[in-house]
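All remarks here apply to the structure that follows.
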Amino acid sequence: MKNRVVITGLGVVSPNGVGLDAFTTAIKKGQPGITFHQQLADLQFSCCIGGVPLISEEKKLEYLTPLQLRGFNSSGILYGCIAGMDAWRDAGLSIDPKSKLDFDSGTVFGTGTSGVEKFREAIYKLDDKQVKRLGSTVVVQTMASGISAFLGGILGLGNQVTTNSSACTTGTEAILMGYERIKNGQAKCMLVGSCSDDGPYIWGGFDAMRVMTYKHNDTPEQGSRPMSASASGFVPGSGAGALVLESLESALERNAKIYAEVLGGHINSGGQRQGGTMTAPNPEAVQHCIKEAVVNANISAIDIDTINGHLTATSKDALEVENWTKALDRQGNDFPYINSLKSMVGHCLAAAGSIESVATVLQLKEQFVFPNINCDDVHPEISNLISEEKIVKRALKTELNIAAKASFGFGDVNACIIFKRYN
Amino acid sequence: MTKDELIAKLKTIVQPYIQDEAAFDNLSEDTDFINDLKINSANLVDVILDVEDEFDIRIENDDMEKMISVKAAMGIVNEKLAEK
């Protein structure tokens with residue numbers, strides 16, 4: 001007997017809205033969170049725009065203690081703690097430093113790299129022969145599992161506490177890893193999500209690869225253009241998304257609010273074969289991942305009402321849409337609605353999958369499709385495949401039952417989740 | 001620097017790390033950093049860095065290991081200040 005798994009809490013720290021209410025309002029309006037960053041210009045980046053959540057010093061103190069904030073320099077851990085703690089409270093669960101250890105609750109909270117600014121600070125000291133003066137804060141902020149370690153202690157989690165990492169698939173993968181654990185009866189409740197640092201030291205490598213747009217330094221809000229003919233590379237973002245997953249039984253027992261059900265999904269890799277490389281997806285594997293997700297969720301491709309794509313605003317968007325049409329065997333007017341949150345917040349890298357999943361779940365809960373902004377000129381290769389009406393440009397109120405969310409990452413890795421409205 | 005002045009300075013330094021308010025309020029020469037103030041052992045290195053900064057001294061590994069109480073800290077600080 002496998003457990004059904006539902007979502008009972010959400011938390012989000014996004015460039016266009018910190019907290020669930022601000023974020024919900026922002027995605028309904030199509031409000032962008034991309035701004036110009038003088039620091040990037042000073043460092044001679046080609047792309048000087050990015051998505052950074054705004055967090056005040058007072059806000060930090062609502063989540064972390066003055067001791068935790070001493071020598072603290074890890075934006076990803078900050079975003080992850082805020083999103084994770086918000087999701088926990090949103091699920092009606094309490095946060096108490098003296099709480100009893102809970103062996104039934106754990107976390108899978110992913111990241112790409114942790115505390116890159118803290119690491120930089122440490123390296124400068126080390127090279128200056130000051131290793132003795134690093135203090136105790138370097139390890140916990142720069143170890144990959146820093147975020148799950150912080151959250152595990154704040155919440156008193158006694159089940160698995162770990163961090164996964166699979167490039168831009170990380171957040172979506174984390175959700176499926178937590179889902180599996182509950183489905184198989186190894187945990188009752190899993191906080192799942194992911195976070196990513198912001199700033200030049202995390203974005204520089206992408207700038208060097210010329211995969212970020214350099215054409216919108218004067219027009220940051222128009223920079224991120226998924227599915228558009230004038231898309232010219234992604235805009236970097238940052239932040240965190242978090243979801244509380246719980247067995248349906250446990251949620252009903254607690255009389256918890258239920259946002260949606262996780263019906264299933266799939267994770268695979270293209271093995272960097274058949275057109276797949278370190279940085280490009282193997283189309284056959286992407287299609288296989290989507291098809292297997294549909295099978296695993298025990299639905300038919302025709303049941304999918306809306307797709308939240310990976311869609312980064314690079315030349316690969318048309319290929320992704322083609323993969324969806326082939327995997328689902330649906331095209332033209334028969335294709336589901338499709339959108340990309342990246343048009344508003346940029347590509348939040350390791351945090352992308354979780355922030356975008358929060359947006360997808362909100363769509364099911366509140367029955368709307370959020371708009372694609374900066375997509376008035378749909379790429380002709382995309383409009384040849386699907387009807388332009390499926391790429392909504394204004395928030396659309398409509399009945400939605402099933403949403404598919406996919407993420408793809410460097411290393412040729414893929415993840416696809418099927419969410420269902422709960423009623 | 002008088003003994004009381006030194007204790008007052010150490011008290012300010014350890015304040016961010018303590019987890020037992022009552023023991024902190026009654027801090028004296030006999031107070032132990034871990035057993036009384038419940039300072040997380042990982043934070044002892046941070047206390048030592050703050051002591052180094054406050055008194056502009058350097059504390060070596062051997063002395064660090066001994067610095068687990070107010071009394072031991074006072075002894076080491078006085079010794080290093082005398083060497084200056």
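The values are calculated or read from the model by the stated rules, or taken from the named source; none is laboratory data. Please read all numbers here as calculations on a predicted model, not as lab measurements. A quick note on method: Cβ atoms are made from the backbone with ideal geometry, for glycine too, and the neighbour counts reach across all protein chains shown.
A few points about this structure:
- Test result for residue A:144, of a type in the set (A, V, I, L, M), under 19 Å from the mean Cα position of the chain (by Cα) and outside any helix (DSSP H, G or I): yes
- Residue count for the range A:330-351 under the criterion of being closer than 25 Å to residue A:173 by Cα and of a type in the set (S, T, N, Q): the result is 3.
- Residue check for residue A:138: within 30 Å of residue B:44 (Cβ to Cβ) and of a type in the set (A, V, I, L, M, F, W, C): yes
- A search for C-beta distances below 6 Å between a residue of the range A:211-239 that is within 18 Å of residue A:199 (Cβ to Cβ) and any residue that is among the acidic types (Asp, Glu) and crowded, with 17+ Cβ neighbours inside 10 Å, counting only pairs 6+ apart in sequence or on different chains, returns A:238/A:198.
- Residue B:55 within 14 Å of another protein chain (Cβ to nearest Cβ), under 13 Å from the mean Cα position of the chain (by Cα), farther than 21 Å from residue A:140 by Cβ and of a type in the set (Phe, Trp, Tyr): no
- Applying the condition of being farther than 16 Å from residue B:54 by Cα and of a type in the set (A, V, I, L, M, F, W, C) to the range B:1-22 and asking which residue is farthest from the other protein chains (Cβ to nearest Cβ) yields B:22.
- Residue within the range B:3-16 that is among the aliphatic types (A, V, I, L, M) and in a loop (DSSP other than H, G, I, E, B) present: no
- Residue match in the range A:251-264 (condition: assigned to a strand (DSSP E or B), in contact with a Cys (Cβ under 6 Å, 6 or more places away or on another chain), aliphatic (A, V, I, L, M) and farther than 18 Å from residue A:166 by Cα): no
- Any pair with Cβ under 6 angstrom, 6 or more apart, that starts in the range A:59-85 at a residue that is within 14 Å of chain B (Cβ to nearest Cβ) and ends at one that is at pLDDT below 95 and crowded, with 24+ Cβ neighbours inside 10 Å: none
- Identity of the residue in the range A:37-55, surrounded by fewer than 19 Cβ atoms within 10 Å (Cβ to Cβ) and over 22 Å from the mean Cα position of the chain (by Cα), that ends up farthest from the other protein chains (Cβ to nearest Cβ): A:46
- Residue check, residue A:306 over 20 Å from residue A:409 (Cα atoms) and among the polar types (S, T, N, Q): yes
- Exclusive hit being of a type outside the set (Gly, Ala, Ser), more than 25 Å from residue A:68 (Cα to Cα), within 14 Å of another protein chain (Cβ to nearest Cβ) and buried (at least 16 other Cβ atoms within 10 Å of the Cβ), set B:63, B:46: B:63
- Candidate set from the range B:23-43 (those that are crowded, with 19+ Cβ neighbours inside 10 Å and part of a loop (DSSP other than H, G, I, E, B)); member that is nearest to the other protein chains (Cβ to nearest Cβ): B:39
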